[in-house]
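The values are calculated or read from the model by the stated rules, or taken from the named source; none is laboratory data. Every value quoted in this text rests on a predicted model; they were computed, and no experiment measured them. All Cβ positions, glycine included, derive from the backbone under ideal geometry; neighbour counts span all protein chains shown. For the accessible areas, the whole protein counts, side chains as well, though only heavy atoms, and no ligand, DNA or RNA atoms are used. Shrake-Rupley method; radii C 1.70, N 1.55, O 1.52, S 1.80 Å.
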Amino acid sequence: MYYKSTRNSSVKKSAAEAIAQGISEDGGLFIPSEIPSLSLDEIVAMGEMSYAERAAKVFAKYLTDFTDEEIKYCCESAYNDKKFATANIAELSHLFDGTYILELWHGPTCAFKDMALQILPYLLTTSAKKINLNKKIVILVATSGDTGKAALEGFKDVEGTSIMVFYPEEGVSPMQKRQMTTQDGSNVSVCAINGNFDDAQSGVKAIFTNEEVKEKLDSASMMFSSANSINWGRLAPQIVYYISAYATLVKDEEINLGDKINVVVPTGNFGNILAAYFAKKMGLPINKLICASNSNNVLTDFINTGVYDRNRKFYTTISPSMDILISSNLERLLYMLCGEDDAQIREWFGSLAKTGRYEVTDAVKAALKAEFYAGCCSDEDTEKTIKATFDKYSYTCDTHTAVAVKVYNDYRAATGDATKTVIASTASPYKFSASVLEAIDGSKPDMDEFAMVDRLCELSKYEIPESLAALKNKEIRFKESIESADMKDFVLRSLSL
Ligand SMILES: *Cc1c(COP(=O)(O)O)cnc(C)c1O
């Protein structure tokens, strides 16, 4: 197996090259040349394995240039009970009859990004060694909250790397800010930008492509890389938990081997749900993939009409990690659905860059409808769903997960489909305490972040994640705030260049 580019099918890279490079030179995303298959026997066998062992089985199918030892090292280093609050790594929780919540937030930063960002540093440094890069890898991240912290935790003190995170001073929640500014590790730096997320993102992109900076890095044997979900090294780990959840359901006799399940995913950049699609294509018995959006419902419209149009109002919602109008991983799905026609992808994504819009062919429209159901949810309905789920099932979900629960309820009402269903839960409710408390208590909480966490604990009876509780007494290490125009100087100074 090798990796092609969605914008040039003749590209041929090993997995190690694809992961180290992050994105193809032509601007396309790396995608495996074939989809490996997964048998029902293999799924049964996984029932008896640890999460790290299950992950190793899946990675062996995609990272064919890695040795078994290398894969084992990456999986065991990432998925263990020192890094995750539960030995199961991901937990399956019973919501109501035949409906399960897949809790993907028991990692160190309490969001599902940990599932991939805990292993990415190992995949990346192993890849660099395999291709004899002999360079220090500098990770630059612009974040609106969850990715920055998860990347910091993943890369802190990882030999051969350093990481710099930029966040918008006024654009992250108090808890998210505290998570980042108290970050420990000897190879990390965090800096606030006087501007919004787009300013931070544009600043990072400009540094990535600045020739002067690139030359300076080169001469010091360093290179930039990316930790966001365009990197295959972030997508592959996400395939694992869908397969793992199915293996657990079979083992626990909740379903029979071969029974189909639905999967519901609260979606932003389309990375998480695309991983579920890969699992299905490998042979995991999945019926519908249900794509749940908040008021930024560009994907709902796209799946229902085949027209992608980002020319619309951008909403700031209570599920901020899904506030996005350009879902970059859609490019990988469309490449697969249009018969790997790279010219077609160049045309659509050229049009997206130019006009903000493209329309797919009738064949792709039909394929989208066959595989996916899409729906969206307002902030008001998100709050109502948190409250109803709490009252009816004594389950406290975060704002992102609530969007998925609401869209799933709509799907069930519209179709009557009673297929057993797994809903991906992407963040701990403690990460969005203010919104969750307001939904349950009915009024805006008038207290500080840690008092909110205590109040939420009283209500939900869920243990407060140690990593969040510890923030209260942690020293603020990173206080610097700069203009986005000064980001380049900040990077060079941090690297002593
Ligand atoms: C990133 C994120 C999402 C969106 O995931 P995508 O892979 O970008 O679709 C949803 N919920 C939370 C809490 C997130 O952090």
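Within segment 260-278, residues that are farther than 19 Å from Thr419 by Cα and at pLDDT below 95 reach partners that are near the ligand (Cβ under 7 Å from one of its atoms) and outside any loop (DSSP other than H, G, I, E, B) with beta carbons closer than 7 Å, at six or more positions or on different chains, in the pairs Gly268/Ser321; Gly268/Met322. You will find that of Lys72, Lys82, Lys61, the residue that is of a type in the set (Lys, Arg), surrounded by fewer than 22 Cβ atoms within 10 Å (Cβ to Cβ) and more than 18 Å from Ser127 (Cβ to Cβ) is Lys82 and no other. Being open to solvent by 30 Å² or more (accessible area, probe 1.4 Å), at pLDDT 95 or above and under 18 Å from Asn269 (Cα atoms) is the filter here; which residues of segment 338-367 pass it? Passing the criteria: only Arg357.
Note on segment 103-135: among residues that are open to solvent by less than 30 Å² (accessible area, probe 1.4 Å) and within 14 Å of Ala15 (Cα to Cα), the one that is nearest to the ligand (Cβ to nearest atom) is Leu120. Taking the condition open to solvent by 10 Å² or more (accessible area, probe 1.4 Å) and either hydroxyl-bearing (Ser, Thr, Tyr) or in contact with a Phe, Trp or Tyr (Cβ under 7 Å, 6 or more places away or on another chain) (or both), does Ser33 pass? Yes: the conditions hold for Ser33. You will find that of Glu53, Glu34, Glu69, the residue that is within 30 Å of Lys4 (Cα to Cα), part of a loop (DSSP other than H, G, I, E, B) and out of contact with any strand residue (DSSP E or B) (no Cβ under 8 Å at 6 or more places or on another chain) is Glu34 and no other.
Scanning segment 35-85 for residues that are of a type in the set (Asp, Glu) and touching a Cys at 6+ places or on another chain (Cβ under 8 Å) yields a single hit, Glu53.
Taking the criterion of being under 16 Å from Tyr241 (Cβ atoms), touching an Asp or Glu at 6+ places or on another chain (Cβ under 6 Å) and either hydrophobic (A, V, I, L, M, F, W, C) or not in a strand (DSSP E or B) (or both), the residues of segment 83-108 that qualify are Ala87, Gly107.
Residues that are modelled with pLDDT of 90 or more, in a strand (DSSP E or B) and of a type outside the set (S, T, N, Q) within segment 142-174 comprise Ile163, Met164, Val165, Phe166, Tyr167, listed in sequence order.
Can Val213 be described as more than 16 Å from the ligand (Cβ to nearest atom), part of a strand (DSSP E or B) and of a type in the set (Val, Ile, Thr)?
no
Going through segment 310-327 one residue at a time, which ones are open to solvent by less than 40 Å² (accessible area, probe 1.4 Å), touching a residue at least 40 places away in the same chain (Cβ under 8 Å) and of a type outside the set (Ser, Thr, Tyr)? Within segment 310-327, Ile318, Met322, Asp323 meet the criteria.
Could you tell me whether Thr421 is under 25 Å from the mean Cα position of the chain (by Cα), within 26 Å of Ile89 (Cα to Cα), at pLDDT 95 or above and more than 16 Å from the ligand (Cβ to nearest atom)? If you could, list the steps in order and put the result at the bottom.
Values: under 25 Å from the mean Cα position of the chain (by Cα): yes; within 26 Å of Ile89 (Cα to Cα): yes; at pLDDT 95 or above: yes; more than 16 Å from the ligand (Cβ to nearest atom): yes.
Against the criterion (under 25 Å from the mean Cα position of the chain (by Cα), within 26 Å of Ile89 (Cα to Cα), at pLDDT 95 or above and more than 16 Å from the ligand (Cβ to nearest atom)), Thr421 qualifies.
I'd like to check something: does segment 188-208 contain any residue that is of a type in the set (Phe, Trp, Tyr), farther than 28 Å from Tyr2 by Cβ and open to solvent by 20 Å² or more (accessible area, probe 1.4 Å)?
Applying the first criterion (of a type in the set (Phe, Trp, Tyr)) to segment 188-208 yields 197, 208.
When the remaining residues are screened for being farther than 28 Å from Tyr2 by Cβ, the result is 197.
Within this subset, residues satisfying the condition of being open to solvent by 20 Å² or more (accessible area, probe 1.4 Å) are 197.
The answer is yes, given that some residue of segment 188-208 is of a type in the set (Phe, Trp, Tyr), farther than 28 Å from Tyr2 by Cβ and open to solvent by 20 Å² or more (accessible area, probe 1.4 Å).
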